[in-house]
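Here is the structure we will look at.
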């Protein structure tokens, strides 16, 4: 064909026309559209079968039921279980973000690790479990061969009633070391106050849902206290009711916390004066004879003046309270008007089922023993002990005990030695463990009295107020073993990592979740198979004991952690009472006095175990209210306003010195009979008020994880930009305080205490008490990944802790600071 | 203004009781987990981060200790007369007449952000970056919701995929209507204080229809005529007044009460 202009045009016109009628261009456009939106770096969620696993959240000791949603073998989402008695569907923000803890590769240890470079260089070598455990067993055997088993120490953050904690404690017993330390907890203070006044050792049990007047002395009920799911669900159940039919909540707080905002009455006494307010209320109750005569006359000791066996006269609680805590005096101490104190007391007394309670933070912050006692005295005055809607005297669950551990002579000798932290000695007679005295003991000796330190389920370098001295101690301790699944501040200082599973990969128990008023045993289930080469700490402890050999191996005759747990649960079966399932229809607290539903539905232990694994809970929906005889285990067998145990302890401690010296040592300012009774102790800061005019109070937020578990990225979404902006943490300051210090919203300022300084930004907030700087806990990590590390500051770096009188626990709310704009 | 809400289909809506809400943030997290919402290294960058359900903190500004704070959760208002829909040049966002849900079709979105400018509630977020999930965290992504790519706008969908699966289930069982509890968005389900109620505003049997008649019910910026389907309840007058703009001297009593409307 001739190549002409005509033919040329024909060819191209035909070509274009032909292409257009063919599907090619349309297909191409479509493909381009799909291609541009299918970039390989946009993740494509995997498909699979949808399923759910019923389990229990063990991120705190609240024991909320969770439903883990899965696709294939992946966890996709966590939801609260409506058919679980504790939380009835409610879950806190941290529990909701649990999948980020499981799957965040950047924060997890994936296998046992040995440190190879110098400490802090973060040079690690992956080793096998056999290598790791054999090496550790040899080291521990070495200590025992030298006759120094006490050179093994441990810091354990597991809940003291959990099976893992008991296994670790048993390991220490069998080896012969008394130096097993629990992390400080709010429950310690509750336990001490209950022991001193009631002689009981059971768990805290507040029957809040049945109360009609809740007087909360700073207890952050809606800010994550106790079992957060339970508290928020309880609030949701009554919040819509008319004020006249729902419980009246009077909350005492220095800041417009979530609890204070929802309270019917919010009172703000000066920080640390809560005990004085409680005593002022006691004063009105006694003066106006509004206390329960029945309870006070029959069941208490030390209320009226009395004579002891030697014929010495003692002043009674009533006498002292009437003299020292008149509403006017209380107004001077607390700043709360006397008319309000009187009105509050009358309202408390005239309510049908009032309850007074204390508490601090989300569970890791201990309080002041005398303050907790002062508040509990109100429950006694109103006769609210073991009454519906009051403070119940609860017992530990009847879990079957293990056979006694075997002790050889090395172990028996070792256990006789004094604990390094001196907890339980005459100096700190009622305290379980003290991290700061432990650190001091290590720091003050020439060579470290600890050769091997085991740290489990805790990140004390980040979460305790006196972390500086602990870090110094850790530097000195030659060998540190961490069981943490996370690359947290503490595990980064270790020499050997024996990583545990995270909570969604393992079975764990929560016997009696914090604060829940009826007996409940929560059991979690692994939702997925372990992702990495980690091992359950329970199994690791058993395996370690067996490798150490001798009587230690004999004390651990189990094949697996599950077997030890199952053995304990047999005790619940043998009780012959209890429920395994909850249908969500009637809350358990509504039927505690009905004595119905006690007969178990299971016929054999195996069927109970299977059902328990399926539902995750065993509970007894019953409480024997009203009994007062035989529940108090104090020396007087009564509820003690005058604590014989304090008297006994101080007598022992003051042997060979004067009582005044002993009191000064223990840090008690009161004198005379008041020492043994609930009273207000002024806590003096070590800093000069003129030099450091402001008070720094750390706060815990429900949407910011401040404990061992690092804050998951999802929670960062919920922080306001007046809480965290870029890497700057904000502190809350009252407008008055801000203006006297020349600070505006967003100003950068340096907070300086006696022990250090931090740079923060200022959020001017009317809801903050003047003169106080509120700083959130939970940020300022130096470990974890980019989503957490380096954001904000950790208040504990400048906290200047003093010791709480009597308990010796660190007082974290009493640091004086200056604030200078930069 | 012309009402677009059709009476024939369902009109899903939400009532949030602010007196009950503690501002804990569980809804935000449940939403992010349910809908594969990405996370930034710096989530404090509120102009770049993505939050389908954002919580605002409002205070009455009174001096200590008379300060009151209200936490206000803000999902997409799912307006009956959505300002975002007519401005979209790509028809990537539509108002569904069957369920009243304002959809967002990511694959159609060209990222012009007209809708963001039009939305008076700041309910829409733009993907300035590729969706980021910390290493290993793409393993929790749900196949029910597609992750978004860089350059598109996203927003709350009232967990539309939940409606779809509830509908499929009902269809499979031979039913046409959904029960009240059959379709519930993730935030409603997660709220630990049961502050959020969800249902069909066109169905007089659903609790939401009853709740919006409550004298303390109101909507945000109601005077714009966007007809939001998210209602709030509060007994705090100062908060209700904050929900809209008023002229100086305009009667406070007028407040922000729902107008009587048809349908």
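For the stretch A:260-280, filtered to residues that are part of a helix (DSSP H, G or I) and within 13 Å of another protein chain (Cβ to nearest Cβ), the residue that is surrounded by the fewest Cβ atoms within 10 Å (Cβ to Cβ) is A:262.
Can you find a residue in the stretch A:699-706 that is modelled with pLDDT under 95, more than 14 Å from chain B (Cβ to nearest Cβ), crowded, with 23+ Cβ neighbours inside 10 Å and not in a strand (DSSP E or B)? Taking every residue of the stretch A:699-706 in turn, at least one turns out to be modelled with pLDDT under 95, more than 14 Å from chain B (Cβ to nearest Cβ), crowded, with 23+ Cβ neighbours inside 10 Å and not in a strand (DSSP E or B). Based on this model, can you work out whether residue B:143 counts as free of Cβ contacts under 8 Å to residues at least 24 places away in the same chain and either under 18 Å from residue A:69 (Cβ atoms) or facing chain A (nearest Cβ under 7 Å) (or both)? For residue B:143, the condition - free of Cβ contacts under 8 Å to residues at least 24 places away in the same chain and either under 18 Å from residue A:69 (Cβ atoms) or facing chain A (nearest Cβ under 7 Å) (or both) - is met. Among the residues of the stretch A:458-495, those identified as over 25 Å from residue A:506 (Cα atoms), assigned to a loop (DSSP other than H, G, I, E, B) and in contact with a helix residue (DSSP H, G or I) (Cβ under 6 Å, 6 or more places away or on another chain) are A:464, A:465, A:466. Quick one: which of A:692, A:680 is surrounded by fewer than 22 Cβ atoms within 10 Å (Cβ to Cβ) and either within 26 Å of the chain's Cα centre (by Cα) or more than 22 Å from residue A:461 (Cα to Cα) (or both)? The match here is A:692.
Going by the conditions given, is residue A:91 within 30 Å of residue B:145 (Cβ to Cβ), touching a helix residue (DSSP H, G or I) at 6+ places or on another chain (Cβ under 9 Å) and facing chain B (nearest Cβ under 8 Å)? Yes, satisfied. Any idea which residue in the stretch A:15-37 is nearest to the other protein chains (Cβ to nearest Cβ), counting only those that are in a helix (DSSP H, G or I) and either at pLDDT 85 or above or over 30 Å from residue B:109 (Cβ atoms) (or both)? Only one residue fits best here, namely A:24. Test residue A:66 against the stated conditions and say whether it is more than 9 Å from chain B (Cβ to nearest Cβ), under 17 Å from residue B:26 (Cα atoms) and either in a strand (DSSP E or B) or touching a strand residue (DSSP E or B) at 6+ places or on another chain (Cβ under 8 Å) (or both). So residue A:66 passes the test. In the stretch A:77-84 there is at least one residue that is facing another protein chain (nearest Cβ under 8 Å), in contact with a helix residue (DSSP H, G or I) (Cβ under 9 Å, 6 or more places away or on another chain) and within 19 Å of residue A:529 (Cα to Cα).
The rows are residues; the columns are (1) facing chain B (nearest Cβ under 9 Å); (2) more than 30 Å from the chain's Cα centre (by Cα); (3) free of Cβ contacts under 8 Å to residues at least 12 places away in the same chain.
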{"position": "A:676", "(1), (2), (3)": "no, no, no"}
{"position": "A:685", "(1), (2), (3)": "no, no, no"}
{"position": "A:712", "(1), (2), (3)": "yes, no, no"}
{"position": "A:715", "(1), (2), (3)": "yes, no, no"}
{"position": "A:732", "(1), (2), (3)": "no, no, no"}
{"position": "A:748", "(1), (2), (3)": "no, yes, no"}
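Yes or no: residue B:108 within 11 Å of another protein chain (Cβ to nearest Cβ), more than 30 Å from residue A:104 (Cα to Cα) and either assigned to a helix (DSSP H, G or I) or without any contact (Cβ under 8 Å) to a residue 60 or more places away in the chain (or both)? Considered against the rule, which asks whether it is within 11 Å of another protein chain (Cβ to nearest Cβ), more than 30 Å from residue A:104 (Cα to Cα) and either assigned to a helix (DSSP H, G or I) or without any contact (Cβ under 8 Å) to a residue 60 or more places away in the chain (or both), residue B:108 comes out as yes. Each residue in the stretch A:48-63 was checked for being surrounded by 10 or more Cβ atoms within 10 Å (Cβ to Cβ) and either in a helix (DSSP H, G or I) or out of contact with any strand residue (DSSP E or B) (no Cβ under 7 Å at 6 or more places or on another chain) (or both), and 3 pass. Residues considered: B:150, B:162, B:179, B:175. Of these, the only one that is closer than 30 Å to residue A:230 by Cβ and at pLDDT below 95 is B:179. Looking only at the stretch B:18-35, residues that are more than 7 Å from every other protein chain (Cβ to nearest Cβ) and either at pLDDT below 95 or not in a loop (DSSP other than H, G, I, E, B) (or both) come to 2 in all.
Is it the case that some residue within the stretch A:546-567 is in contact with a strand residue (DSSP E or B) (Cβ under 7 Å, 6 or more places away or on another chain), assigned to a helix (DSSP H, G or I) and buried (at least 21 other Cβ atoms within 10 Å of the Cβ)? For the stretch A:546-567, residues in contact with a strand residue (DSSP E or B) (Cβ under 7 Å, 6 or more places away or on another chain), assigned to a helix (DSSP H, G or I) and buried (at least 21 other Cβ atoms within 10 Å of the Cβ): present. When every residue of the stretch A:248-255 is checked against the conditions, at least one turns out to be free of Cβ contacts under 8 Å to residues at least 40 places away in the same chain, within 26 Å of the chain's Cα centre (by Cα), on the phi < 0 side of the Ramachandran plot and part of a loop (DSSP other than H, G, I, E, B).
Looking for something under 38 Å from the mean Cα position of the chain (by Cα), at pLDDT 95 or above and loosely packed, with under 14 Cβ neighbours inside 10 Å - is there at least one such residue anywhere in the stretch A:303-325? Yes, the conditions are met somewhere in the stretch A:303-325. Among all positions in the stretch B:76-97, there is no residue which is within 27 Å of residue B:218 (Cβ to Cβ), in a strand (DSSP E or B) and free of Cβ contacts under 8 Å to residues at least 24 places away in the same chain. For a quick check of your reading of the model, give me the residue pairs whose first member lies in the stretch B:53-72 and is over 19 Å from residue A:263 (Cβ atoms) and within 7 Å of chain A (Cβ to nearest Cβ), whose second is at pLDDT 95 or above and assigned to a strand (DSSP E or B), with beta-carbon atoms closer than 7 Å and at least 6 apart or on different chains. Listed by first residue and then by second, the contacts come to B:55/B:71; B:55/B:72; B:55/B:73.
The values are calculated or read from the model by the stated rules, or taken from the named source; none is laboratory data. Only a predicted model underlies this, so the values are computations on that prediction, with no experimental measurement involved. Neighbour counts are summed over all protein chains in view; Cβ atoms, including those assigned to glycine, are modelled from backbone coordinates with ideal geometry.
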